[in-house]
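Colleague: One structure follows; several queries about it will come next.
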Amino acid sequence: MKQKHILILAAGITAFVMMVGGVIIGRAIGKPETVVTLTPDAAEIQNLYAQREAEYQARLEEANAALTTAYEQQAATASDNTAQTVAGPVPATISPQDALMVVATLAPRAKLLSLPELVNYQGTVAYEVKLDAGVVYVDANTGTVLYNGTAQVQTSVQTRSFDEDEEHEHEWGDDD
């Protein structure tokens, strides 16, 4: 009797699974939904094109106006800077070679990366001398060093060698 009940139960479960599977497959394969597509006529297409073109031209004009304003501001700033430079002192009384000689005394082993250029260093006309050890600014009127970028490199090297000597003294002790 047990086998009969198990057989009936198995048949019922099989029928249920087949019915659910059939419904799922039927919906998947069933009639496709009707899709309605509206084809715009030529007049609508022309209107859409004209609207997009008008929007594009308006944005293009805005961008060009912003660029024009920025160029005018830049030109005004450049003309202000030119007026300050012309009204200032004589650009240089020492030559680039004189500036190189000053720098050579500061960093004799440094290699020159580019020729000295006249620049405005903190409101002073100066030669900018670029070396592999750093940058040096020399006053173009007096020949004094305004900034020595090589000093940090030299100082750090000297400090390291001094510290190494100090370590050796502690290592070997004092012979007194």
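Each value in this text was obtained by applying a stated rule to the coordinates, not by laboratory testing. Everything numeric in this text was worked out from a predicted model, so none of it was measured. Reconstructed Cβ throughout: ideal geometry from the backbone, glycine too, with neighbour counts over all protein chains shown.
Colleague: What is the local net charge at Asp139, summed over the other residues whose Cβ is closer than 13 Å to its Cβ (Lys, Arg +1; Asp, Glu -1)?
Modeller: In short, -2.
Colleague: How far is it, in nm, from the label point at Thr69 to the one at Asn120 when both lie 7 Å from their Cα along the line to the Cβ?
Modeller: 2.6 nm
Colleague: Could you work out how much longer the chain between Gln3 and Gln51 gets when fully extended? Use 0.36 nm per residue separation minus the Cα distance between them, nm to one decimal.
Modeller: In short, 9.5 nm is gained.
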